[in-house]
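Following: one structure in structure tokens, then a few remarks.
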Amino acid sequence: MFERLSDGFSSALKKLSGRGSISESNVREAMEDVRTALLEADVEYATVNEFCETIVERALGQDVTKSIKPGQEMIGIVHQALIDLMQQGAEDHPGVPKITPAPTIVMMCGLQGTGKTTTCGKLAAYLKKRGRSVMIVAADLQRPAAVDQLKTVAEQVNADMPGGSQVHFYGEPDKCAEYGKAVGIAVKVCQNALKAAREKGVDTLIIDTAGRLHINNELMKELSSIKKTIRPHQTLLVVDAMTGQDAVNSARTFHQQLAVDGVILSKFDSDTRGGAALTVKKVTGAPILFVGTGEKLDAMEEFHAERVAGRILGMGDVVSLVEKAQDEVSEEEAERMAEKMAKGELTLEDFLSQMKSLRRMGPMKQLMGMIPGVGSALKDVDIDDKQLDRIEGMVKSMTAEERKDVKVMNQSRRRRVARGAGVNVNEVSKLTKQFDMMSKMTRQMSGMGIKGKLGAMRDMQGAAGGGMGAMGGTQGMPGMATRRSTKTASPKRKFKKRK
Amino acid sequence: MALLRGAISKVRKGLARTREALTGGVGGLRNFLAGRSIDDDLLRELEARLIQADVGVKTASRLVTDLRGEWKAGRVDTGDQATDRLKSQLADLWPARDRSITFAQSGPTVILVAGVNGAGKTTSIAKLASLLTNQGKSVILAACDTYRAGAVRQLEIWSERIGVQIVKGAQGGDPAAVAFDACEAALARNADILIIDTAGRLHTQDPLMRQLTKIRDITTRKIDGAPHEVILVLDATTGQNAVNQALKFTEAIDVTGLFLTKLDGTSKGGVVVAVHDQTSIPVKFIGVGETPEDVEPFDPAVFVEALLGSEDDQPAA
């Protein structure tokens with residue numbers, strides 16, 4: 001989501017990084033672009049000005065103008081300033097504390113439509129994975145069917161999400177009718193839930209509250225009274241990552257009324273430029289704990305200012321990539337695969353399962369963007385996830401025998417598979433040829449030293465040439481067709497070249 | 001006239017916050033500008049306020065650049081003149097076009113409603129249904145949000161409250177199938193209006209956007225000329241990302257109008273200026289509260305008037 005923001009930064013910093021020496025006015029000029037980039041990214045107006053002032057001050061203080069590589073140094077300063085802005089001191093991720101005596105009480109709040117209910121489910125899944133038993137209570141009695149929604153979410157977490165502990169749900173749907181007619185109904189529900197949580201002995205109680213406008217005094221009072229009565233150990237504000245300048249107002253009011261302990265940014269997987277992330281921390285002083293990255297209940301990640309700052313500047317995020325990989329593939333599995341590869345025993349079946357776990361990690365482009373240096377290079381490259389779909393379709397249309405050994409694929413079999421997968425026969429031929437070549441290479445490579453390996457890689461790339469088609473790509477990785485939207489020579493240009 | 005006044009004051013109530021943001025306090029932009037003569041400081045301040053109202057850097061700077069040009073040319077030099085100029089500039093963003101609902105010549109009118117998660121689709125549909133029912137039309141709702149837990153139930157509760165029929169599928173079912181059934185039902189029951197609720201989806205999720213196209217195509221196949229309206233629900237608290245949303249949803253389902261929600265908060269709603277500046281989709285409705293009655297047709301004159309404030313709004317509001 002930070003792509004657009006990093007573009008703005010990149011162009012501003014490029015202006016500086018190319019120069020041997022820069023003057024104060026160069027710095028200020030580049031900051032003007034940074035300022036526009038931040039404003040377009042919905043970072044709050046005053047925050048932007050303050051941020052830019054900080055940068056200029058630090059840059060001039062460190063005397064970047066006399067440095068040998070002023071551009072590099074400026075990037076360093078901006079990187080650090082971004083981290084400071086989003087994090088300010090809290091290096092370790094505080095997570096959700098574990099209080100004794102149990103239960104730890106977590107209260108969620110936020111505007112309507114920010115994703116509180118879904119986030120409750122995600123938080124429960126996060127805790128369940130870490131062996132903590134959870135109870136979620138539906139204190140949103142206002143929105144129609146909100147109680148039903150939370151109940152379903154809790155059941156889904158309990159049934160489908162990894163982890164051994166239980167996720168309970170507490171709700172009093174019949175109280176919805178009374179709601180609005182009498183005061184303190186939501187508070188009462190929370191009190192009952194707390195009692196139930198103690199009886200069940202769960203260690204965390206998550207309270208889902210109704211969405212409300214921060215200028216709605218009555219509803220804000222309700223939140224305050226829940227907070228006063230139940231005394232949650234952690235009050236989390238859910239903020240939509242797509243929020244505009246108004247993020248300041250709502251975050252500030254919620255914080256004033258409830259003393260927010262942490263922030264969860266939802267819808268972080270959209271293409272918003274992410275200004276809210278930069279603003280909210282500054283306004284509330286509370287750390288951003290998690291970011292929501294998808295519709296699934298396990299799509300929530302810990303927020304790390306350092307990594308996000310790196311991503312903004314196009315520096316990549318290897319740590320997140322490795323974490324994602326570890327989430328998907330167990331170590332034994334990886335070892336088993338490596339062994340198979342070494343023996344040249346890798347089958348299409350294995351390939352398919354590897355591809356599947358790779359895809360569970362997220363869209364290709366998002367993954368590639370985490371590799372340092374790749375992010376900005378990928379900007380104009382359109383990685384086609386659909387290509388992977390087609391390969392999956394082809395492999396699934398094969399018999400067990402064919403999957404084990406692609407060599408048996410004669411023309412008739414290829415035609416059958418092509419029909420089954422709804423692709424062209426050529427594509428099937430390409431896949432089998434490439435897979436055959438790949439297994440040969442891996443067999444050869446496993447017996448070589450590093451030098452031989454590099455040689456073999458070169459050969460492979462050479463042999464692949466244009467014919468690698470579906471597998472070609474920039475990385476020579478199977479199934480990654482890449483298309484350079486701007487750099488592919490048009491037929492016209494090709495024609496010119498020939499002349 | 002009284003009717004118009006009522007409408008204006010209701011929108012103003014919702015936009016009071018916007019006005020305050022634009023002016024930094026009570027009294028309207030006009031008061032901020034009144035009696036002052038234009039200088040660079042004032043123009044810079046003006047640009048800042050427009051940006052803070054989510055109007056967008058590009059649009060704000062264009063508006064102010066225009067004003068600066070007028071000032072340098074000697075055509076504008078007082079704050080009052082600047083207000084008038086700004087007002088006409090903003091109003092010009094919305095060309096006079098039909099902002100009412102396009103109805104089918106004959107048979108049911110199909111209104112497809114889409115938007116990102118949490119924009120307020122279901123509530124907005126309740127508002128539309130109530131508005132159209134009050135106009136004497138028979139309305140059927142199609143609960144095609146089979147993804148989010150409780151979404152079908154939520155729409156069902158609204159349908160009971162407003163007193164309209166609803167066609168629903170099972171949680172986790174195929175939304176396109178529900179749309180299909182709903183079209184058949186609308187034809188069979190001779191309904192005037194079929195409003196289709198869809199699951200919230202981020203405009204960046206390609207497979208989900210394709211699913212939306214599929215739902216749209218199904219209605220086209222079943223009912224002549226459908227969907228007659230494709231409404232994108234936009235949250236007014238959204239920042240510049242609203243522009244991307246408008247573009248991407250239009251790509252998938254040819255949006256014909258916007259429903260701008262949550263204008264009753266402190267959100268500046270100025271994002272419609274940015275959206276209008278970069279797409280040609282008209283805003284058709286605005287949502288200014290949580291009950292089904294809290295809906296207004298979008299009127300640029302009223303909107304801009306309320307946005308900028310004017311002399312007669314203090315006693316009236």
In whole Å, how far is the Cα centre of the stretch A:250-264 from that of the stretch B:149-184? 36
If A:Ser23, A:Ser429 are ordered by their accessible area, calculated over protein heavy atoms with a 1.4 Å probe, which sequence runs from highest to lowest? A:Ser23, A:Ser429
Explain nothing, just the number: dipole magnitude of the stretch B:86-200 about its Cα centre with +1 on each Lys and Arg Cβ and -1 on each Asp and Glu Cβ, in debye rounded to the nearest 20. 360
Taking every residue of A:37-43, the Cβ atoms of other protein chains inside 10 Å of its Cβ average out to 4
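Over all residues in B:239-250, what is the mean tally of Cβ atoms on other chains that come within 10 Å of each residue's Cβ? Spell out each step's value before the answer.
Working: counts 19, 11, 17, 3, 0, 6, 4, 0, 0, 1, 0, 0.
The per-residue average across the peptide is 5.
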Subset of A:Lys151/B:Lys214; B:Lys168/B:Lys248; A:Lys267/B:Lys121; A:Lys221/B:Lys121 violating a 22 Å alpha-carbon distance limit: A:Lys151/B:Lys214; B:Lys168/B:Lys248; A:Lys221/B:Lys121
Using alpha carbon centers only, the stretch A:23-50 is separated from the stretch B:38-69 by a whole-angstrom value of 16
Quick one: Cα centre-to-centre distance for the stretch B:106-141 and the stretch A:181-218, in angstrom? 32
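Once you keep just the Cα pairs under 8 angstrom separated by 6 or more residues, what percentage relative contact order results for the stretch B:46-196?
Here the relative contact order equals 24 percent.
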Which of rounded, prolate, oblate describes the stretch A:82-177, given a ≥ b ≥ c as roots of the alpha-carbon gyration tensor eigenvalues and a/c under 1.5 marking rounded, otherwise prolate only if a/b is larger than b/c? oblate
Under 8 Å for C-alpha pairs, at least 6 residues apart: give me the relative contact order for the stretch A:104-314, rounded to a whole percent. 25
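The values are calculated or read from the model by the stated rules, or taken from the named source; none is laboratory data. Just so it is clear, the model here is predicted, and its values are computed rather than measured. Backbone-built Cβ (ideal geometry, glycine too); neighbour counts: all protein chains shown. SASA here: full protein model, heavy atoms, side chains in, ligands and nucleic acids out. Shrake-Rupley method; radii C 1.70, N 1.55, O 1.52, S 1.80 Å.
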